Amino acid sequence: MTVVDVQQDLLVELGLGSRATAPAMREAAPLRIAMLAPPWISVPPPGYGGIEAVVALLTRELVRRGHDVTLFAAPGSHSEAVVHPLLAAPHPEAIERSLYEVDHVARAFAAIEHAGRHGRPYDVIHDHCGFTAFAMADRIAVPVVHTLHGPFTTDTCAFYAHHAGKAHVVAISHAQRALAPAELPIVAVVPNPIDAADWPLVSAKDDYLLWIGRMTAEKGPHRAIEVARRAGMRLVLAGPVQPGQETFYEREVLPYLDGERAIHVGEVTGQRKVDLFAHARALLMPIRWPEPFGMVMLEAMVCGTPVLAFAEGAACEIVMPEVTGFLVTNEEEMARAVSCTGAIDPRRCRAWTIERCDARAVALGYEQVYRGAARVDADRAVLAAAAI
Ligand code: UDP
């Protein structure tokens, strides 16, 4: 995976790289960015929250780089940017409920338009929040950059194919881009960021394997239990049981917890989470879906903790075999790979991760996309005005 892969051919096709039409689009000029986080969980996330972790890191880095960023996010968010909460409360129990997403996006668009009318226009909206802003992106005069955070399914492919062209779309992995519908132009592949300053390098590992994530079949906590059993290792499972995951948890996970060899510590946050990642012998990723990214892999690797993953989705780009972990095909192979983790050099593992996904490089990639998107939309507006 290259650090950032902005599609030069596509940018040319879309007109990116043509003459700048606004002073703020000059390469060095700071941008005024409306960062639109989802309404579900505050930023940074108190615990579980992959998208919110990405938004927090990217926002922090863009502010450090001198941009004027407003973070539209759930209440309770805090950031180096100006924080603009929109709803009265976060809604972690209602993820993907359209009522909250529509309300959140409509309020953000209203605030962004209000700023424009009062002489403080935004150069770009960076949308991380599902589907509403993407579907409505052509209803607002500010260019919208939309990061794809989810997988492509039959339903989302049809949605993106229908609304393609309304926003400038960024994929978070090549694996994700490969599954996009043909109608959807993707202007760049920009990986999710990690900031090494947030994570320690720990070379002396403890005798446990770690699985951390959502309690769903695709993420494979039950397969992690099987791997640890075969490898004869202790397993720590971490993560909340979210609404709708209770039956899976009760059937596939709970009966196999013995309080010693296999334990579930629930949702972890703060230093406890950092320590769990940093001291684990390995992180297990027995995923059975084309996962578009997987922040937990970066979080482990930056601590020098190897990742043992099934070769699915973005895992094939994120895990560098024999440098940051191993790619395997089933539980038996994963259990065998546990005995090879000593061959991974924690320092090299961390260095490789920083080289690929450092927050500064990711922010730079997005800057390029923002400026390109603003130029394209400005050129389109000029053409539209000339046609009247
Ligand atoms: N996470 C956390 N506490 C937990 C479980 C998960 O803070 O108990 C965090 C984890 O560190 C990661 C994010 O939630 O930053 C999950 O993101 P990922 O991309 O791995 O998974 P997804 O977004 O698909 O659930």
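The values are calculated or read from the model by the stated rules, or taken from the named source; none is laboratory data. The structure displayed is predicted, hence computed values, not measured ones. Counting neighbours? That spans all protein chains shown, and the Cβs are built from the backbone with ideal geometry, glycine included.
For segment 41-78, the set of residues classified as within 13 Å of the ligand (Cβ to nearest atom) and either in contact with a Gly (Cβ under 6 Å, 6 or more places away or on another chain) or of a type in the set (Phe, Trp, Tyr) (or both) consists of Ile41, Ser42, Tyr48, listed by residue number. Residue count for segment 172-206 satisfying the condition of being closer than 13 Å to Leu298 by Cα, among the charged types (D, E, K, R) and in contact with a helix residue (DSSP H, G or I) (Cβ under 6 Å, 6 or more places away or on another chain): 1.
Taken together, His114, His128, His146 contain a single residue that is closer than 19 Å to Asn192 by Cβ and without any contact (Cβ under 8 Å) to a residue 60 or more places away in the chain, which is His146.
Among the residues that make up segment 278-286, is at least one of them farther than 20 Å from Ala343 by Cβ and touching a residue at least 60 places away in the same chain (Cβ under 8 Å)? So far as segment 278-286 goes, yes, one or more of its residues are farther than 20 Å from Ala343 by Cβ and touching a residue at least 60 places away in the same chain (Cβ under 8 Å).
Within the set Pro30, Pro39, Pro46, Pro75, the sole residue that is more than 30 Å from Leu276 (Cα to Cα), assigned to a loop (DSSP other than H, G, I, E, B) and in contact (Cβ under 8 Å) with a residue 12 or more places away in the chain turns out to be Pro30. Annotation note: Cβ proximity below 7 Å between a residue of segment 97-110 that is touching a residue at least 12 places away in the same chain (Cβ under 8 Å) and a residue that is hydroxyl-bearing (Ser, Thr, Tyr) (sequence gap 6+ or interchain) occurs for Glu101/Thr132; Val102/Thr132; Val105/Thr132. When each of Gly266, Gly213, Gly259, Gly220 is tested for being over 27 Å from Val190 (Cβ atoms) and touching a residue at least 24 places away in the same chain (Cβ under 8 Å), the lone residue that passes is Gly266. Out of all the residues in segment 81-94, is one or more out of contact with any Phe, Trp or Tyr (no Cβ under 8 Å at 6 or more places or on another chain), farther than 24 Å from Ile194 by Cα and in a loop (DSSP other than H, G, I, E, B)? Within segment 81-94, one or more residues are out of contact with any Phe, Trp or Tyr (no Cβ under 8 Å at 6 or more places or on another chain), farther than 24 Å from Ile194 by Cα and in a loop (DSSP other than H, G, I, E, B). The residue that is farthest from the ligand (Cβ to nearest atom), counting only those in segment 250-268 that are assigned to a helix (DSSP H, G or I) and of a type outside the set (D, E, K, R), is Pro255. Among the residues making up segment 362-388, a single one is crowded, with 21+ Cβ neighbours inside 10 Å, within 19 Å of the chain's Cα centre (by Cα), farther than 30 Å from Phe310 by Cα and of a type outside the set (Ser, Thr, Tyr): Val369.
All but one of (1) in contact with a helix residue (DSSP H, G or I) (Cβ under 7 Å, 6 or more places away or on another chain); (2) modelled with pLDDT of 95 or more hold for Thr247; which doesn't? Every listed condition holds for Thr247 apart from (1). Return yes when Arg214 is in contact with an Asp or Glu (Cβ under 9 Å, 6 or more places away or on another chain) and basic (Lys, Arg) and no when it is not. Judged against the criteria, Arg214 is not a match.
Residues that are more than 21 Å from Asp68 (Cβ to Cβ) and among the basic types (Lys, Arg) within segment 345-364 comprise Arg347, Arg348, Arg350, Arg356, listed in sequence order.
Counting only strands (runs of 3 or more DSSP E) that fall entirely inside segment 134-224 and contain at least 3 residues that are at positive phi, no element qualifies. Is it true that some residue in segment 225-245 is surrounded by fewer than 17 Cβ atoms within 10 Å (Cβ to Cβ), within 12 Å of the ligand (Cβ to nearest atom), touching a residue at least 12 places away in the same chain (Cβ under 8 Å) and not in a helix (DSSP H, G or I)? Scanning segment 225-245 turns up at least one residue that is surrounded by fewer than 17 Cβ atoms within 10 Å (Cβ to Cβ), within 12 Å of the ligand (Cβ to nearest atom), touching a residue at least 12 places away in the same chain (Cβ under 8 Å) and not in a helix (DSSP H, G or I). When Ala315, Ala359 are screened for being in contact with a helix residue (DSSP H, G or I) (Cβ under 9 Å, 6 or more places away or on another chain), small (Gly, Ala, Ser), farther than 21 Å from Val187 by Cα and buried (at least 18 other Cβ atoms within 10 Å of the Cβ), only Ala315 passes.
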